[in-house]
Structure formats: C-alpha cells, structure tokens
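Okay, so here's the structure we're looking at.
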Amino acid sequence: RWARWLTVGSLIVFVLLSLGAVSRLLVQPFETASPPLDSARIHGLPRQGAMIVVLSGGRRLGAIEYPGGETLGAPSLERSRYGARLAKMTGLPLGVSGGKPDGGNLSEAALMKDFIETELKQPVAMVEDQSFDTRQNAQYMLARLVPLKIHTIILVTDVLHMPRASRTFEALGAKVIPAPMDFRATAPLSVLDFLPSAGGLRLSAYVFHELIGEVWYRARRAIS
C-alpha cells in the first residue's frame, strides 16, 4: 500500500513540476528578491573601480557548423548580450568568466569574448577562462580585479542563479550590484502552461538545482 501511495504521489509531483504555471510560481520568489536594473539604477552605477562581469552558462559541443565545433549555449548567449548592452549604456569595462567544465577545446569565456566582440561589437576587457563553477568564477575573477583596485562587480547572470552567485562574490570581499536577467514569472500565462511540458520541468529542475547549490555552498562555508 505504501509503495502504491509513493508511486502515485511521485507521479503527481512530477506532473505538477512539469507545468509551466507551477514552475513560474517556484521562480517568483527569486525574481522578487532580485529585481531587474531599471534605467535610473543603470545610469547611477559607479564609473570608477567597477566592472561588469558576465558569468557563463554553458556551451554546445558538437556544433560542427561552427569553426572548432563549439558554440555558446542559449544561457551564455543571453547573458553575453545583456552584459554587452549594459557596457554600451554605462561605458564600464566588461569581463567574462567561464572555463571548460565539460572538456572541449575552447573555454566558455573565450567563446563569449568572440561573440561579444565579433557580433555585438563591444570590447571585452578581461577574460577568466579557468573556472569550473560559481565559486571559482568569483575566486579567479577577483584575483585579477583586486590588484587593479576594482572592488565593485555589476554581476550578470540568470535571476535564478543570482542569489548564490552574488553571495559567493560578496563572501570574497567584493561589492556586488546584481544585474539579473532571464525573468519568467511575469510572462502571460497560456493554456499550454497548464499542460505538462519539458520546458516546465527544466525550469523546475533549475530552481531545485539552485536551492541545493545554495545549501551546499553554505555548508562548505560553515565547515571552512
């Protein structure tokens, strides 16, 4: 009997998490905690001792239509585009961070730099291409920025990733101004959002990935 209830309960939870309407509810607290930069805040950003830092969000291997067979995944492309937009609006230098956590030939940061400079026509001032995760993003990027007397980071990443990313940079002494993007909760609902979908399940999985990651980072800081 318990096995049947567990099976039925698991199936119900699985279906609920695959609904776009439910996944957006899970995202909403993240978006409330990290609102987007409005025009006034963008124009009020510091002009000295600051840099826009874009964290990579993955790439696609086996992309044989591109030289080298690698290209940026959608999250990295969107973050790069938003980071370049902020750089154009503010005149602040732009840095990118991301290594090769899944192997390959080119780092995610190198691919981002090429995309931003070649297609978006925005110079990239700093490339950090050795990090494998968010903690290393912060460690390796700040190791380069602190000697240049850059202590304020305008941090660009997904709104779901922002709480963990910003706290990681702040734990290492940086002043972080969050510049979140990829908001979902306020988009209009449609009939399809009440039907199971792979997209809804991916978004729900992303939420739980960040929650688990935050617990893990807090545990590591407590132990150390």
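Within the shell of other residues whose beta carbon sits under 13 angstrom from the beta carbon of R220, the net charge comes to +3, with Lys and Arg scored +1 and Asp and Glu -1. Run through the range 119-160 and list the trypsin sites (Lys or Arg not before Pro) located in a DSSP loop whose Cβ has at most 15 other Cβ atoms within 10 Å. Hits after loop and neighbour filter: K121, K149. Heavy-atom accessible area, probed at 1.4 angstrom with all protein chains present, ranks D38, D182, D158 as D38, D182, D158, highest first.
Got a sec? Charge dipole of the range 139-224, +1 on Cβ for Lys and Arg, -1 for Asp and Glu; which of V191, A219, I150 is way out at the positive end? Working it through, the farthest residue towards the positive pole turns out to be I150. Counting Lys and Arg as +1 and Asp and Glu as -1 over every other residue whose Cβ lies under 9 Å from the Cβ of E78, the net charge comes to 0.
Could you work out the longest stretch of the chain that avoids the GluC sites (Glu not before Pro) located in DSSP loops with at most 16 other Cβ atoms within 10 Å? Present the calculation step by step, with values, prior to reporting the outcome.
Values: sites that count: E65, E119.
In the chain, the maximal stretch lacking such sites is 120-224.
Neighbours of G20, meaning other residues whose beta-carbon lies under 12 angstrom from its beta-carbon, give a summed charge of +2 when Lys and Arg score +1 and Asp and Glu score -1. Counting only protein chain heavy atoms and rolling a 1.4 Å probe, the accessible areas of L55, L25 rank, largest first, as L25, L55.
Does anyone have the angle between helix 108-118 and the longest principal axis of the chain? Alpha-carbon axes, 0 to 90°, nearest 10? Once rounded, one gets 60 degrees.
Mean separation of Cα pairs under 8 Å and 6+ residues apart, divided by the residue count of the range 1-112: what relative contact order is that in percent? Provide the component values of the computation, followed by the final result.
Details: 110 pairs, mean separation 26.8, N = 112.
The value is 24 percent.
Here the extension length gained between E78 and A205 equals 43.8 nm, from 0.36 nm per residue of separation less the Cα-Cα distance.
So which lysines can K100 reach, going by Cα to Cα under 24 Å and dropping same-chain residues fewer than 8 places off? K100 reaches K113. Can you give me the C-alpha center-to-center distance between the range 45-71 and the range 123-185, rounded to a whole angstrom? Spelled out, the Cα-based centre of one part sits 13 Å from the other.
Give me log10 I(q)/I(0) at q = 0.15, 0.17 Å⁻¹ for the range 155-224, Debye formula, one equal scatterer per alpha-carbon, no solvent. Per q value, in the given order, log10 I(q)/I(0) is -0.62, -0.74.
Label sites at T7 and L192, each approximated as a point 7 angstrom past Cα along Cα to Cβ, lie 3.3 nm apart. Taking the C-alpha atoms only, the angle from helix 134-145 to the longest principal axis of the chain is near 10 degrees.
Rolling a 1.4 Å probe across the protein heavy atoms gives the range 33-81 an accessible surface of 50 Å² per residue.
Computed over the chain, the per-residue total of -39500 (n - 2.57) for DSSP H runs of n ≥ 4 gives a 222 nm mean residue ellipticity of -16000 deg cm²/dmol, rounded to 500. Computed over the range 5-99, the Cα gyration tensor eigenvalues convert (square root of 5λ each) into semi-axes of 34, 24, 10 Å, ordered from largest to smallest. Identify the residues of the range 26-61 with backbone N under 19 Å of a label point that sits 7 angstrom from the Cα of M89 along the Cα-to-Cβ direction, or state none. In the range 26-61, the label zone of M89 (backbone N under 19 Å from the point 7 Å along Cα→Cβ) covers 31-48, 50-55. For V176, the residues whose modelled amide H falls within less than 5 Å of its own, excluding neighbours fewer than 5 places apart on the same chain, are I153. Derived scalar couplings between HN and Hα for the range 170-180 equal 5, 5, 9, x, 7, 8, 10, 10, x, 10, x Hz in order, rounded to whole Hz, by the Karplus curve 6.51 cos²θ - 1.76 cosθ + 1.60 (θ = phi - 60°), x for Gly and Pro. Relative contact order for the chain: what is it in percent, counting Cα pairs under 8 Å that are at least 6 residues apart? Once divided by the residue count of the chain, the mean separation gives 27 percent.
Equivalent ellipsoid of the chain: semi-axes from √(5λ) of the C-alpha gyration tensor, largest first, are 32, 20, 19 Å. The trypsin sites (Lys or Arg not before Pro) of the range 21-96 that DSSP puts in a loop, and whose beta carbon has at most 16 other beta carbons within 10 Å, are R47.
The values are calculated or read from the model by the stated rules, or taken from the named source; none is laboratory data. Note that this is a predicted model, so its numbers are computed, not measured. Reconstructed Cβ throughout: ideal geometry from the backbone, glycine too, with neighbour counts over all protein chains shown. Surface accessibility is based on the protein's heavy atoms, side chains included, excluding ligands, DNA and RNA. Shrake-Rupley method; radii C 1.70, N 1.55, O 1.52, S 1.80 Å.
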